[in-house]
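Data block below; observations after.
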Amino acid sequence: MPTLIFEKQSYQRNPDETVLDCLLRHGVSVPHACRNGVCQSCLMRSTDSDPPAPAQHGLKDSLRQQRYFLACTCAPEGDFAATLSGPVLIQLPARVISVEKLTRRIARVRLNPEGAFDYRAGQFINLARGDCLTRPYSIASLPYTEDFLELHVARHEQGRMSRWIHDELQPGNELAVSTPLGECCYRPEHPEQPLLLVGTGCGLAPLYGVIRDALHHGHTGPIWLYHGSRDREGLYLVEELRGLAREHDTFNYVPCLDSPAAGEADFTARRAHEAALARHTDMKGWRVFLCGHPEMVNQTKMKTYLAGAALADIHADPFYLTAL
Ligand SMILES: Cc1cc2nc3c(=O)[nH]c(=O)nc-3n(C[C@H](O)[C@H](O)[C@H](O)COP(=O)(O)OP(=O)(O)OC[C@H]3O[C@@H](n4cnc5c(N)ncnc54)[C@H](O)[C@@H]3O)c2cc1C
Ligand code: FES
């Protein structure tokens, strides 16, 4: 059985077991959230050898060269030694400005990070509570026109962080935010490129930033947003987005409900990704942004690729929940 040395302590690791699973099985408390190689909250550094390549997927070159890796996707072949990452994902204190219910299920949280906080619209941060409970949340605000960091948080009935945010978080409370992460961002180099954005629930958060960033940069190509939810509680900012579509000829907004109730005839009665794929059958030359439910994101990534979009033009942020 291979040995894992973590912070100078030895642990027996099952063959094929990831570094994170091994440590959690031995009762070692280490930061983690998505357990799918997305949020980077489990960042560690190897102290003796190069980590396996898949465990470095998505990391910056500078981190890769220093042997940083993601513990949740790292299953080295033999013995391995690791340490916690240190101050790479710097945590900044951030004061809560407001917590506002947009629907019964969605809260809009505005934060004021201490000091300069550079980010691009559509990135995400890891948000940490005082007891170190940490979860990734996407950024919905724009860095150059809004002097707060805006997050949209969906309530999960048994969810430790989201329920606490909905029920207990108050203006004035202090949290901590990591440096921003992710590449789900608008790039102004191709202003004429058609953009397709599909989100479910709070998958709207990064897309709301990306769309406003594109419009701010004078994007001339068509922009199509499909926002879906199983019911009305998961669709939000509907009037703001309808207003934005009225103001900008290039922006098209399609709010979708799985099965609209009576009085909801102005919503498309279809899943958001299905409505998008039915209308846009040739995706050659398009840039695609997919955020929210992991199954929707992964399926639609494959389907838009098969419809002609280049893989490098498909940005996907699956909102993996922390496995229990
Ligand atoms: C890159 C990225 C970006 C994200 N961005 C956003 C965002 O912008 N907005 C957003 O809302 N979310 C986002 N998420 C998801 C978010 O990080 C959290 O996973 C989510 O808020 C749930 O966290 P939680 O602590 O409330 O739930 P957890 O406590 O982690 O629970 C996870 C799930 O298990 C269920 N559960 C927990 N305990 C029990 C129990 N005892 N019995 C039965 N069921 C249980 C919960 O109901 C929940 O569905 C993102 C995720 C990723 C990876
Ligand atoms: S990247 Fe490892 S827990 Fe999210």
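The values are calculated or read from the model by the stated rules, or taken from the named source; none is laboratory data. Note that the coordinates shown come from a computational prediction; the quantities given were computed from them, not determined experimentally. Ideal geometry is used to build each Cβ from the backbone, glycine not excepted, and the neighbour counts take in all protein chains shown. For accessibility, only protein heavy atoms count, side chains too; no ligands or nucleic acids. Shrake-Rupley method; radii C 1.70, N 1.55, O 1.52, S 1.80 Å.
Where both bridge residues fall in the chain, DSSP classifies roughly 55% of the beta bridges as antiparallel. For the range 19-84, the convex hull spanned by the alpha carbon atoms encloses 79 Å³ per residue. Lysine pair count for the chain with Cα-Cα distance under 29 Å and sequence separation of 8 or more or different chains is 6. Expressed per residue, the C-alpha convex hull volume of the range 195-318 stands at 97 Å³.
Each residue of the range 201-210 is assigned a 3J(HN,Hα), and the resulting list reads x, 6, x, 5, 3, x, 5, 4, x, 4 Hz, derived from the Karplus form 6.51 cos²θ - 1.76 cosθ + 1.60 (θ = phi - 60°), x at Gly and Pro. Equivalent ellipsoid of the chain: semi-axes from √(5λ) of the C-alpha gyration tensor, largest first, are 35, 23, 19 Å.
With a 1.4 Å probe and all protein chains left in place, how much of the accessible area of the range 195-318 comes from carbon and sulfur atoms, in whole percent? Within the range 195-318, the accessible surface is 49 percent carbon and sulfur. The residues neighbouring Tyr305, those whose beta-carbon lies less than 14 Å from its own, together hold a net charge of +2 under the Lys/Arg +1, Asp/Glu -1 convention.
Amide H to amide H distances under 5 Å link Asp317 with Leu290, Cys291, Gly292, where only residues 5 or more positions off or on other chains count and H is placed in the peptide plane. Taking only the C-alpha atoms of the range 111-226, Rg followed by Dmax gives 15.2, 47 Å.
Dividing the summed -39500 (n - 2.57) terms of all DSSP H runs of n ≥ 4 by the residue count of the chain sets its mean residue ellipticity at 222 nm at -5500 deg cm²/dmol.
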